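As structure tokens, the structure follows; a few thoughts come after it.
The values are calculated or read from the model by the stated rules, or taken from the named source; none is laboratory data. Because the structure is a prediction, the values reported are computed rather than measured. As a convention, Cβ positions derive from the backbone with ideal geometry for all residues, glycine included, and neighbour counts pool all protein chains shown. Protein only, heavy atoms only, side chains kept; ligands, DNA and RNA dropped before computing areas. Shrake-Rupley method; radii C 1.70, N 1.55, O 1.52, S 1.80 Å.
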Amino acid sequence: MPSIITHAAVPLALWCAADRGRIPPRLLAAGVIASMLPDADVLAFALHIPYADAFGHRGASHSLLFACVLAMVAALLHSFGRGRPWSAPTTQPATLASTVQAAVFVFVCAASHPLLDALTSGGLGVALAWPWSDHRFFAPWRPIRVSPFAPQFFSARGLATLLSELRWVWLPLAGAVVAWKLIQPAPAAPRDPS
């Protein structure tokens, strides 16, 4: 897996690329949590669930179904939550478009986790198609060094992993954000009513 820190790169890049205020802070926080949440399955090790099990590490929580469930939860919270949790408190109901946008943002953030994990050099792959298939997928190209677990994270291997993530995740995303901002049209100047 990339380090837990690097999984936040995707929601942060989307936030940076979006128009100012398009992704409110609470929605950004939900996206960061959704991008990291699949790794809660490391608790399976403490519960003696085998790595290769459907509920082991990189199993069900790394599926596209899990990302869909998180997106639906985000949509429900957005639509029916008190004070519309993804935006400034208002008496206006959430629109269908804003609810769909919140759900898509959370889905993309959650789905980015197993996709990044599939690009790593170790592990057993990710169960993207669970529950329809127990097959563990890897990307055909795996340039990101797999992150060591917590006890070894602050070792030479952990530093090599962070440098690999900087090269293959953070810098490309930063470059994509800058390129996106450069190709966006300038905001229209207000017209003089006279």
**Report entry** Among [x] 17.0; [y] 19.9; [z] 18.1, the entry derived from the coordinates for Kirkwood radius over Cα pairs in Å
**Finding:** [z]
Requested in this report: Pop the C-beta distance of Leu166 and Phe138 into the FRET formula with R0 = 22 Å and round what comes out to the nearest 0.05.
Outcome: 0.50
Query - Between segment 54-83 and segment 113-180, the Cα center-to-center distance that results, in Å - result: 21
Report task. Can you tell me the dipole magnitude for the chain around its Cα centre, using point charges on the Cβ only (Lys, Arg +1; Asp, Glu -1), in Debye to the nearest 20? Result -> 380
Query raised in the report: For helix 25-36, what angle does its Cα long axis make with the longest principal axis of the chain, in degrees from 0 to 90 and rounded to 10?
Result: 20
**Report entry** With DNA, RNA and ligands ignored, accessible area of Phe45 (1.4 Å probe; Å², nearest 10)
**Finding:** 80
Report summary line: Of the candidates Ala129, His48, Thr99, the farthest towards the positive dipole end of the chain (Lys/Arg Cβ +1, Asp/Glu Cβ -1, centred on the Cα centre) is Thr99
Query - By accessible area with a 1.4 Å probe, ligands and nucleic acids excluded, highest first: order of Met36, Met72 - result: Met72, Met36
Requested in this report: Name the residue farthest towards the positive end of the dipole of the chain from the options Ser164, Ile23, His57, assuming +1 on Cβ of Lys and Arg, -1 on Cβ of Asp and Glu, about the Cα centre.
Outcome: Ile23
**Report entry** Calculated FRET value between Ala46 and Phe80, using beta carbons and R₀ = 41 Å, to 0.05
**Finding:** 0.75
Query - Sum of -39500 (n - 2.57) over DSSP H runs of 4+, divided by residues of the chain (222 nm, nearest 500) - result: -14500 deg cm²/dmol
